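See below for the structure under consideration.
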Amino acid sequence: MKVTTGNQLSGRTELEADVCIVGSGAGGGVLAWQLTQAGHKVVMLEAGSHHTTQDFAPLDERLAYPALYQERMTRATKDAAISVLQGRSVGGTTTVNWTTCFRTPERILEHWQQNFGVELGEMLPHYEAVEQRLGVAEWPVQAANANNLTLWKGCKALGWQVKALRRNVRGCVSSGYCGLGCAFGAKQGMLLTTLPDAVNAGMELYADCRVLKVERSGEQWEVHGQIQSKKDLSPTGAEVRVRAKRVVLAAGAIGSPGILLRSEINPNDAVGKRTFLHPVVAVAGRYAQDINGWSGAPQAVGSHEFVDRGEQVGFFLEVPPMQPMLVASGVMGAGAMVNDFMVQLPKLSTHLALMVDGLHPGAAGGTVELLGNGRPKLDYPIGPALVEAMAAAHKAMARCHLAAGAEQVFTLHPTPVSIQNEDQLDRLDAAAYGALEHSIFSAHQMGGCGMSGEAKSGVVDANHRVKGQDGLYVVDGSVLPTSLGVNPSQTIYSLAHRAAGLLAAEL
Amino acid sequence: MALSRRSFLGLSAAGTLVLGATGLALFPGKKVPTDGWLLTFSESQYSTLVALVETVSPGGSGIPSGVDLGVAAELDTLFSTLPPENGAEIALALGLIENALVGALLDARPRPFSRLPLERRAEIWTTWSTSRIPLRRTVYKGLNALILATTWGHPEMTALAGYPGPPTVPSFGSDP
């Protein structure tokens, strides 16, 4: 795939296109594929660098995280309470995600229709098209690793709902290293699928190009791109300017609001507002047998037993990969206790609970703001409803581990709560929950350019058009009006597939 | 206007900065000589970071410490690959940790963090994890995770954790 990288450019490069797409992840990748197949001239600008399958071969966390994640894997919310895992390379987060795919839940689509006036129409053709292109298929439970099987066994023992997950892979060798970029060429992320399709059909793809702003220029839009050094992300002095009939922001739920704010485009004063994260809390269990959770498909099973808790915030259960740096980054304690914890790594299994934020009245989520240097920062307060859900999730995960046969269960508090049997579960009641009380993560960033069918709310309409800005669109996870209660990648792929038809009709 | 928790974070940072400048001037910390190779931090900030790395990852029982592994130098290098504002936030946090005047007021320790014995540093750092001052918990969360992740990324440490390392990757052709 031909990619123009920052070190190949100097001075100002001026380009023209029918459509300029900003971002090469789940939204931009699928959109580019479809638009180029329809014969449109597309230029794509990606802030991250281009890495090939061969580059991933060391499978070394120390190399992969700084190279492939936002802010060298140090991105966090404003108060550092939530670590934000988000990809930053050609292919965006699809290059490093754990491949779990879900169609958008019907109850979420109904919620959007009822509360935001968002009518998306028939989504089935879009689900099917991306599933076919990206090889989305169920990963059999028989192939699940021991880390996933503790979740499976625990849920089964407790009579909880649990099922096999679907993944976008072809020829997966079950290495367990999806989060470091797939070195086996199996993950069907944008890097190996839609982007080569689009480039082969004539798209020009520029890496290392951070878009500063977009502005209207007569009948067209002008996109201002700044080439950044791969080494330290500083401007090299080179620029890319793209003039296009249509501009699509697909820079993700933190990046796209950032571009709009820098461009002083803020319909309904809603840009950056209502950002959702599926905030993740985790509980570890130590088992008698080896788990070796670094090996095997990272996510193979999941439980939606608690996804709908009525008036309370729901959560769903999955597991993470267990490479040592990732595990250590989640430990809140310090000193010798960390050593004691880490040397048990082969026998540790971890369960995750992802909070379904944004569905309840008053659930405002977070806000993307601009720092003095123009870079976006997410402020995400954790209110009482989420705190309650986090407490409930800790208890559910602890019960699940015990039911699966864990010898000991640990929370990720600075002084972990330790439990060895059901009678000790009430120890969790005395623990504190919420921001900075224990580790919290997010691998799912959603909202910030929310979709709304009403003129006086939201940032984009149901056709992804930025309100009051003819020719400007947003097609990525930022348009989701709420979180989803499932992993969001396939929803973004499918929305982008739908958006391509809508956008092409307007060209 | 009511003072929200989040605006309090900003105000406490500004206030502590003023106190910090005073405290650092009155009570200089321990210096780790660096021969000028630092890329992000000043020598005094780096010295605080070294003391903190030893506190968070002390080693023992055959496990190397974060200082043995050069974790502070790695973090200095890491932040040199990010926009300067990212490193400046860490530098501010290190100043807050080091400050003897703030330490005297809040922790009954009128000495810079880097000049305290390891046991005392560990006690103080633990109190930061559950401090009633949100800014302290923010500093704790951010720096603790960085140090632990960097420590446990080292092959010496991953081997001690029983991690066999990644699988061998067969050679592939070029990407499409």
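Taken together, the values in this text are just the output of simple stated rules run on the coordinates, not laboratory data. Small disclaimer: the values here were computed from a predicted structure and weren't measured. Methodologically, a virtual Cβ is constructed for each residue, glycine included, from the backbone with ideal geometry; neighbour enumeration extends over all protein chains shown.
Helix A:106-116 and the long axis of chain A differ in direction by around 60°, with both axes built from C-alpha atoms. With the helix formula -39500 (n - 2.57) applied to DSSP H stretches of n ≥ 4, chain A reaches a computed 222 nm mean residue ellipticity of -7500 deg cm²/dmol. Legend: mean number of C-beta atoms from other chains within 10 angstrom of residue C-beta atoms, peptide A:429-436, equals 2.
In terms of the mean number of neighbouring beta-carbon atoms within 10 Å, the peptides A:243-250, A:159-166 order highest first as A:243-250, A:159-166. Positive contributions from Lys and Arg (+1) and negative ones from Asp and Glu (-1), summed over other residues with Cβ under 11 Å from the Cβ of B:ALA91, come out at -4. For segment A:1-72, the relative contact order is 28 percent, taking Cα pairs closer than 8 Å that sit 6 or more residues apart in sequence and dividing their mean separation by the residue count.
Computed over chain A, relative contact order equals 24 percent, with contacts defined as Cα pairs under 8 Å that lie 6+ residues apart.
Shielding of peptide A:174-185 by partners, expressed as the average count of other chain Cβ atoms within 10 Å per residue Cβ, is 2. Taking Cα atoms only, the orientation of helix A:384-403 departs from the longest principal axis of chain A by about 50 degrees.
Beyond a 27 Å Cα-Cα separation, which of these cross-linked pairs lie in this structure: A:LYS41/A:LYS273; B:LYS31/B:LYS141; A:LYS78/B:LYS30; A:LYS230/B:LYS30; A:LYS78/A:LYS230? Over 27 Å apart, Cα to Cα: A:LYS41/A:LYS273; A:LYS78/B:LYS30; A:LYS230/B:LYS30. Could you please report the charge total around A:GLY285, scoring K, R as +1 and D, E as -1 over all other residues with beta-carbon less than 10 angstrom from its beta-carbon? Spelling it out: positives minus negatives among the neighbours equals +1. Once you reduce segment B:125-175 and segment A:178-244 to the center of their Cα atoms, the two points are 30 Å from each other. Close amide H contacts of A:VAL211 (hydrogens built in the peptide plane, cut-off under 5 Å, sequence separation of 5 or more or a different chain): A:GLN226. Note on A:CYS449, A:CYS182: ascending count of other Cβ atoms within 10 Å places them as A:CYS182, A:CYS449, the fewest first.
Packing around the peptides A:361-372, A:64-75, A:336-347, taken as the average count of other Cβ atoms within 10 Å per residue, puts them in this order, highest first: A:64-75, A:336-347, A:361-372. Compute the long axis of helix A:146-158 from its Cα atoms, compare it with the longest principal axis of the Cα atoms of chain A, and write down the angle in degrees, 0 to 90, nearest 10. For A:146-158 against chain A, the angle is about 60 degrees. If I take every Cα pair under 8 Å that is 6 or more residues apart in segment B:9-156, average their sequence separation and divide by the length, what percent do I get for the relative contact order? Relative CO of segment B:9-156 lands at 30 percent. Averaged over the residues of B:75-84, the number of partner chain Cβ atoms lying within 10 Å of the residue Cβ comes to 4.
Backbone phi angles across segment A:33-50, fed through the Karplus curve with coefficients 6.51, -1.76 and 1.60 (θ = phi - 60°), yield HN-Hα couplings of 4, 5, 5, 5, 5, 7, x, 8, 7, 10, 10, 10, 10, 10, 6, x, 8, 9 Hz in residue order; Gly and Pro are listed as x.
Put simply, the amide H of A:MET44, placed in the peptide plane, has neighbours under 5 Å in A:ILE21, A:GLU204, A:LEU205, A:TYR206, leaving out anything fewer than 5 places away on its chain.
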